[in-house]
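Here the structure is laid out as structure tokens; the discussion comes afterwards.
The values are calculated or read from the model by the stated rules, or taken from the named source; none is laboratory data. Predicted model, so just to flag it, every value in this text is computed and none were measured. As a convention, Cβ positions derive from the backbone with ideal geometry for all residues, glycine included, and neighbour counts pool all protein chains shown. Just so you know, the surface numbers come from the protein's heavy atoms only, side chains and all, with ligands and any DNA or RNA stripped out. Shrake-Rupley method; radii C 1.70, N 1.55, O 1.52, S 1.80 Å.
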Amino acid sequence: MKILKSIGAVAAGFVAVFVLSLLTDAVMMGLHLFPAPDHPELCTDFHYLIITLYTAVYSVAGGYLTAWLAPAKPIQHALALGVLGLLASLLGSAANWGKAAGHEWYPIALIVMAIPTCWLGAWLYLKLKR
């Protein structure tokens, strides 16, 4: 039963980050603050910076949620979420490399921040829990 709680904690964190990111993307496009997804060439470094920032915030929140839901060892669970985010970022980067010509720093940033942001979320959880 503990393994199911562990899987559920990591899955909940992943789904939360994914859904929050997609919803924010949709809102930003709906408000015409970001270009439509079929025109990535219209995205500027500023657009990618904003996306990177809210993705980082959501990843910290996902790490916090995962740590909160973890049956034990909250840091390890959040790190598992970070590894899952790292793998997702690697796959997304490989699938989309070159589509954001001149903005290759963006997928690299997502890869680099995946584990530290999730760890930070768990660390915050433990600090605030005391």
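Things to note:
- Between region 97-130 and region 14-60, the Cα center-to-center distance that results, in Å: 14
- Descending by average beta-carbon neighbour count within 10 Å, the peptides 74-86, 15-27, 118-130 line up as 74-86, 118-130, 15-27, the highest first.
- Shown in residue order for region 71-81 are the 3J(HN,Hα) couplings computed by the Karplus curve 6.51 cos²θ - 1.76 cosθ + 1.60 at θ = phi - 60°: x, 6, 6, x, 5, 5, 5, 5, 5, 4, 4 Hz (x for Gly and Pro).
- At a probe radius of 1.4 angstrom, the accessible area of the chain per residue rounds to 59 square angstrom.
- Counting every alpha-carbon pair across the chain, the share separated by more than 16 Å comes to 62%.
- Residue-wise HN-Hα coupling along region 42-48, computed from phi with Karplus coefficients 6.51, -1.76, 1.60 (Hz; x: Gly, Pro): 8, 6, 9, 4, 4, 4, 5
- Pair LEU91, HIS32: separation of 7 Å Cα→Cβ label points (nm): 3.6
- Apportionment of accessible area to carbon and sulfur, the chain, percent (1.4 Å): 76
- Taking label positions 7 Å along the Cα-Cβ direction at both ASP25 and ASP45, the computed distance is 2.3 nm, reported to one decimal.
- Rounded FRET efficiency, nearest 0.05, which uses the C-beta distance separating LYS127 from LEU4 and R0 of 35 Å: 0.80
- Among residues other than HIS47 with Cβ under 13 Å from its Cβ, the summed charge is -3 (Lys and Arg +1, Asp and Glu -1).
- Crossing angle, helix 2-30 versus the chain [Cα axis fit, 0-90 degrees, rounded to tens]: 30
- Relative to the longest principal axis of the Cα atoms of the chain, the long axis of helix 105-129 lies at roughly 30 degrees.
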